[in-house]
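Reading through the structure tokens given below for one structure.
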Amino acid sequence: EGAVPAQRGGKMASTAAGKQRIPKVAKVKNKAPAEVQITAEQLLREAKERELELLPPPPQQKITDVEELNDYKLRKRKTFEDNIRKNRTVISNWIKYAQWEESLKEIQRARSIYERALDVDYRNVTLWLKYAEMEMKNRQVNHARNIWDRAITTLPRVNQFWYKYTYMEEMLGNIAGSRQVFERWMEWQPEEQAWHSYINFELRYKEVDRARTIYERYILFTLLVIVHPDVKNWIKYARFEEKHSYFAHARKVYERAVEFFGEEHMNEHLYVAFAKFEENQKEFERVRVIYKYALDRIPKQDAQNLFKNYTIFEKKFGDRRGIEDIIVSKRRFQYEEEVKANPHNYDAWFDYLRLVESDTDAETVREVYERAIANVPPIQEKRHWKRYIYLWINYALYEELEAKASKRTRQVYQACIELIPHKKFTFAKMWLLYAQFEIRQKNLPLARRALGTSIGKCPKNKLFKGYIELELQLREFDRCRKLYEKFLEFAPENCTSWIKFAELETILGDIDRARAIYELAIGQPRLDMPEVLWKSYIDFEIEQEEYEKTRNLYRRLLQRTQHVKVWISFAQFELSAGSEGSLSRCRQIYEEANKAMRNCEEKEERVMLLESWRNFEEEFGTDTTKERIDKLMPEKIKKRRKLQAEDGSDAGWEEYYDYIFPEDTANQPNLKLLAMAKLWKKQQQESEAAEVDPDKDIDESQS
């Protein structure tokens, strides 16, 4: 019995649980993404747009009687008061409330609202302006004056209040009242525009004396209060005087301004205005004095407009010389600023000197040259002196050619030579120019002494060559021989010097000395261009028709080098000798060269030799010799080799051409294999041709 209720209770519990079971959610069969995707941002934006669309428009209310109007006013006032109560500091709510009351012609209520707002924030400029504009709009002049007085008393640094107040009084025709307001404003020492507004106010009513008094007060104010007064205030004052034909007063104002600013705070605009004033008064000499005074004292970078106006003035009223003077003066200022900024800018000095040489006297040019050469390079390295040394050269040339002062020219050269640190480097050009100058002055001993000193202090190839060339022109051959000996002691590796020395002896007819010089030259352990020296020696012997000695020279040269060009030159010499058996000797040399170059690693040189030999045989050889040289020609084949990068990694393969010579026995198997491969390829091509056209082969066999 006890079990039955338990079962019954369990069944009931399961039934209750079945009633509370959550219904199954429908499963999504297609879980692929939709074709058109939408982002959360798009959803929010669309919701916002629809929210605005759903807002119904406010209903239009028509007021038909007084009760409805009073009810409407009550509700609006309650709304405005609630907004003000929520946030008293939002002045826009107060202004809207007051303007609404003004629209209903409730001026007293609007005035009360503005007063309440001023109790909240009396520093709000907009609030004062709206309040005063309301009073003026409703023709409440005394109320408006009261508000403006309170505003300028409370906030005297707000210029807008003063402008509005003076404008209102002027519009009402109360000129004295407006002037009184301006005077109260000036007591606060306002900014520049306020003073000019006061001046313009007085000028509108033809009160020139009052305006001049205000200008004087303002100038005095700038002198006492402002640390760096502006030039334009003085210019405006002077133009005011000029406009009203008080020219003496205007000139006096300009002179006071120039005196006040002095030379420490000079401004080009003041001097331009002063000069234009004098130009209008036809005082052209005064204009020139003003421009020149300013240009001599104002830095170049701050006087661009001044130069421009001065140039225009000279073009209008000056002569040609005046225009040239201003242009030269402008460029001189520019160069002075450049060399002042960087004294070691030698290019700027060159331009400056070129300018002064073309336009000024000799003393000024010398002064600029002395200033330029005083800027010695701080480092004793030749690369820093290369531009500097040309200052000395130009200085010396100017003294000699333009100033015609030979004594000063000599002093310039000597001073430059003393300045150069010859133990570290020298300039051969300077020594040679000095020597050439002394020769032009017909002072040969000094020229020789200068060149001898240069060779003793700092011997250089250029100095030896210049000295030797000088003595050659003077036909002093014994001196030339001594100089060549010194030169070769100094630089025995210089092949050009040996050749020139030998050529000199050849010209003088001393063949044995020339040959001895050549022998000494080729016996030197180190030469800079030995191939040129040997060629010159060989050409010398050929010119002397000493063919045996030439052959001996070629043999001696071949003992030192086996270069292919030497062999080819030797063979061509034998061919051009013109004696009996020259062809056989030439062919013999080619044979020797070919044998000697079999072990040469440079196969291109050997190919060059064989091509030269083949050209010789084609011109002078027989069919047998031609056939023989054709057999010696190498086979050109294409090969591949592996490349390696700098870090040792593989860089791929490259193709190159190699030569296989028939005479090389080591390459005979390769040649045989190559020949068999060519024969097989030829047989393959013939068999393919036979398969393509068998009838043609049958017809050919029958025929």
For the stretch 636-646, state whether one or more residues are more than 28 Å from Lys678 (Cβ to Cβ), within 60 Å of the chain's Cα centre (by Cα) and in a loop (DSSP other than H, G, I, E, B).
yes
What single numbered condition from (1) assigned to a loop (DSSP other than H, G, I, E, B); (2) more than 36 Å from the chain's Cα centre (by Cα); (3) under 30 Å from Leu483 (Cα atoms) fails to hold for Gln411?
(1)
Just checking, does the stretch 259-266 include any residue being under 40 Å from the mean Cα position of the chain (by Cα), assigned to a helix (DSSP H, G or I) and at pLDDT 75 or above?
yes
Can you tell me how many residues in the stretch 136-166 are part of a helix (DSSP H, G or I) and either within 26 Å of Lys105 (Cβ to Cβ) or in contact with a Phe, Trp or Tyr (Cβ under 8 Å, 6 or more places away or on another chain) (or both)?
20
Checked the stretch 67-93 for anything of a type in the set (A, V, I, L, M, F, W, C), open to solvent by less than 100 Å² (accessible area, probe 1.4 Å) and in a helix (DSSP H, G or I); matches are Leu69, Phe80, Ile84, Ile91
Looking at the stretch 267-283 only, could you name the residues that are assigned to a helix (DSSP H, G or I) and open to solvent by 60 Å² or more (accessible area, probe 1.4 Å)?
His269, Lys276, Asn280
Exclusive hit being open to solvent by 50 Å² or more (accessible area, probe 1.4 Å), among the hydrophobic types (A, V, I, L, M, F, W, C) and in contact (Cβ under 8 Å) with a residue 24 or more places away in the chain, set Phe247, Phe221, Phe240
Phe247
Would you please list the contacts, defined by Cβ atoms under 7 Å and residues six or more apart or on different chains, that run from a residue in the stretch 423-448 that is within 17 Å of Thr409 (Cβ to Cβ) and of a type in the set (D, E, K, R) to a residue that is open to solvent by less than 20 Å² (accessible area, probe 1.4 Å) and not in a loop (DSSP other than H, G, I, E, B)?
Glu438/Ala447; Glu438/Ala450
What number of residues within the stretch 500-531 are in a loop (DSSP other than H, G, I, E, B), farther than 24 Å from Lys565 by Cβ and of a type in the set (Gly, Ala, Ser)?
1
Among Arg387, Arg475, which is the only one that is open to solvent by 40 Å² or more (accessible area, probe 1.4 Å) and under 30 Å from Thr360 (Cβ atoms)?
Arg387
Lys486 vs. criteria touching a residue at least 24 places away in the same chain (Cβ under 8 Å), in a helix (DSSP H, G or I) and open to solvent by 90 Å² or more (accessible area, probe 1.4 Å):
yes
Show the residue pairs meeting these rules: Cβ distance below 7 Å; 6+ apart or different chains; first residue within the stretch 186-197 and closer than 17 Å to Phe240 by Cα and aromatic (Phe, Trp, Tyr); second residue surrounded by 13 or more Cβ atoms within 10 Å (Cβ to Cβ) and modelled with pLDDT under 85.
Trp195/Tyr218
What's the total number of residues in the stretch 115-130 that are surrounded by 14 or more Cβ atoms within 10 Å (Cβ to Cβ) and in a helix (DSSP H, G or I)?
8
Answer yes or no: is there a residue in the stretch 374-382 that is part of a helix (DSSP H, G or I) and open to solvent by 80 Å² or more (accessible area, probe 1.4 Å).
no
Residue under question is Leu401, and the condition is that it be without any contact (Cβ under 8 Å) to a residue 40 or more places away in the chain and either surrounded by fewer than 14 Cβ atoms within 10 Å (Cβ to Cβ) or over 24 Å from Val339 (Cβ atoms) (or both); does it hold?
yes
Checking the structure you have, find out if any residue of the stretch 554-573 is at pLDDT below 80, open to solvent by 60 Å² or more (accessible area, probe 1.4 Å), in contact with a Cys (Cβ under 9 Å, 6 or more places away or on another chain) and outside any loop (DSSP other than H, G, I, E, B).
yes
Scanning for something surrounded by 14 or more Cβ atoms within 10 Å (Cβ to Cβ), closer than 12 Å to Phe277 by Cα and modelled with pLDDT of 75 or more, does the stretch 224-234 turn up at least one residue?
no
Can you pull out the residues in the stretch 131-169 that are within 58 Å of the chain's Cα centre (by Cα) and crowded, with 19+ Cβ neighbours inside 10 Å?
Ile152, Phe161, Trp162, Lys164, Tyr165, Thr166
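So that you can scan it fast, the table gives a plain yes or no per residue for (1) part of a helix (DSSP H, G or I); (2) among the aromatic types (Phe, Trp, Tyr); (3) closer than 23 Å to Glu337 by Cβ; (4) open to solvent by 20 Å² or more (accessible area, probe 1.4 Å):
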{"residue": "Arg366", "(1), (2), (3), (4)": "yes, no, yes, yes"}
{"residue": "Tyr369", "(1), (2), (3), (4)": "yes, yes, yes, no"}
{"residue": "Leu391", "(1), (2), (3), (4)": "yes, no, yes, no"}
{"residue": "Leu432", "(1), (2), (3), (4)": "yes, no, no, yes"}
{"residue": "Ala447", "(1), (2), (3), (4)": "yes, no, no, no"}
The condition of being more than 30 Å from Glu541 (Cα to Cα), at pLDDT 75 or above and open to solvent by less than 70 Å² (accessible area, probe 1.4 Å) holds, among Leu610, Leu583, Leu643, only for Leu643
Scope the stretch 651-670; condition at pLDDT below 65 and touching a strand residue (DSSP E or B) at 6+ places or on another chain (Cβ under 6 Å); matching residues
Asn667
I'm trying to understand the selection: among the residues of the stretch 501-534, which are basic (Lys, Arg) and free of Cβ contacts under 8 Å to residues at least 24 places away in the same chain?
Arg513
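The values are calculated or read from the model by the stated rules, or taken from the named source; none is laboratory data. None of the values given here were measured: they were computed from a predicted structure. All Cβ positions, even for glycine, are placed from backbone atoms using ideal geometry, and neighbour counts span all protein chains on display. Note: areas computed on protein heavy atoms with side chains; ligands, DNA, RNA excluded. Shrake-Rupley method; radii C 1.70, N 1.55, O 1.52, S 1.80 Å.
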